[in-house]
Amino acid sequence: MTQNPLHSFFKGTFLTGALLVQAASLTLTPAKAAEQPVFSSAAADLGIVVSNLETASSFYKDVIGCTEIKGFSAPAAFATSLGLVDNHDLTVRVFVLGEGKTRTQLKIMAFPNAGSKKSDQTFIHSNVGFSYLTLHVNDLNASLKRLKKAGVKLEGKTPVPLGGKNSLVVCRDPDGNFIELIGPR
């Protein structure tokens, strides 16, 4: 039985094309792997050890405007096995900025019996380590009203215009940690 010459042409073309696609996918695979993002989320969670859990929680919720979600606890044995504490239970209250998978979470915790010391927060350069938290808000005037109502003192000569619609306010949380609020007025 003789084959149709067009059938042989298309069959050969199809096989050659399939081999080329397969070869191309083999050579593209390492490049694709290199293009994969390192992080599964653009959000970063920040753990903040405070001197008084209730006072700090009220500040971040009522004054700063974060939303509290379900927190978590870990028994001392588990938290110690992670190297996070030396035989202290861990109770964490969680506050979020925004919604969805990429929202930032502030994890607030206190260890009243641990003898923790406050770091020197005179200036952001007074200590090595994380020095301040910057939060971007939709309405800086509303933030200023909440700060004033709570009796929170503004730092420096803020608010300061940053250009465009945004201004910057610097304040401190109840433990003296610097917080920058940036947004339109």
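Selection within the stretch 62-104: residues that are in a helix (DSSP H, G or I) and in contact (Cβ under 8 Å) with a residue 40 or more places away in the chain. The member of this set that is surrounded by the fewest Cβ atoms within 10 Å (Cβ to Cβ) is ASP62.
Within the stretch 109-149, the set of residues being within 17 Å of LEU46 (Cβ to Cβ), in contact (Cβ under 8 Å) with a residue 60 or more places away in the chain and not in a loop (DSSP other than H, G, I, E, B) comprises MET109, ALA110, LEU133, LEU135. Taking the criterion of being surrounded by fewer than 17 Cβ atoms within 10 Å (Cβ to Cβ), of a type in the set (Gly, Ala, Ser) and within 19 Å of VAL96 (Cβ to Cβ), the only residue of the stretch 108-144 that qualifies is ALA142. If the condition is being free of Cβ contacts under 8 Å to residues at least 60 places away in the same chain and surrounded by 12 or more Cβ atoms within 10 Å (Cβ to Cβ), then the stretch 163-180 contributes ASN166, SER167, LEU168, VAL169, VAL170, CYS171, ARG172, GLY176, PHE178, GLU180. Here GLY83, GLY156, GLY98, GLY164 are screened, and the one residue that is in the same structural domain as GLU54 (by TED's automatic domain parsing) and either in contact with a strand residue (DSSP E or B) (Cβ under 6 Å, 6 or more places away or on another chain) or more than 20 Å from ASP62 (Cα to Cα) (or both) is GLY83.
Filtered by the rule that a residue be part of a loop (DSSP other than H, G, I, E, B) and more than 27 Å from SER119 (Cβ to Cβ), the stretch 150-185 gives GLY164, LYS165, ARG185.
Just for the stretch 35-94: of the residues that are modelled with pLDDT of 95 or more and among the acidic types (Asp, Glu), which one is nearest to GLN121 (Cα to Cα)? It comes out as GLU54.
Give the residue that is farthest from GLY183 (Cα to Cα), with candidates limited to residues of the stretch 122-145 that are modelled with pLDDT under 90 and polar (S, T, N, Q). Only one residue tops the list, namely ASN127. In the set ASN127, ASN113, ASN52, only one residue is polar (S, T, N, Q) and in contact with a Ser or Thr (Cβ under 6 Å, 6 or more places away or on another chain); that residue is ASN127.
The values are calculated or read from the model by the stated rules, or taken from the named source; none is laboratory data. Given the structure is predicted, the values throughout are model-derived calculations rather than measurements. A quick note on method: Cβ atoms are made from the backbone with ideal geometry, for glycine too, and the neighbour counts reach across all protein chains shown.
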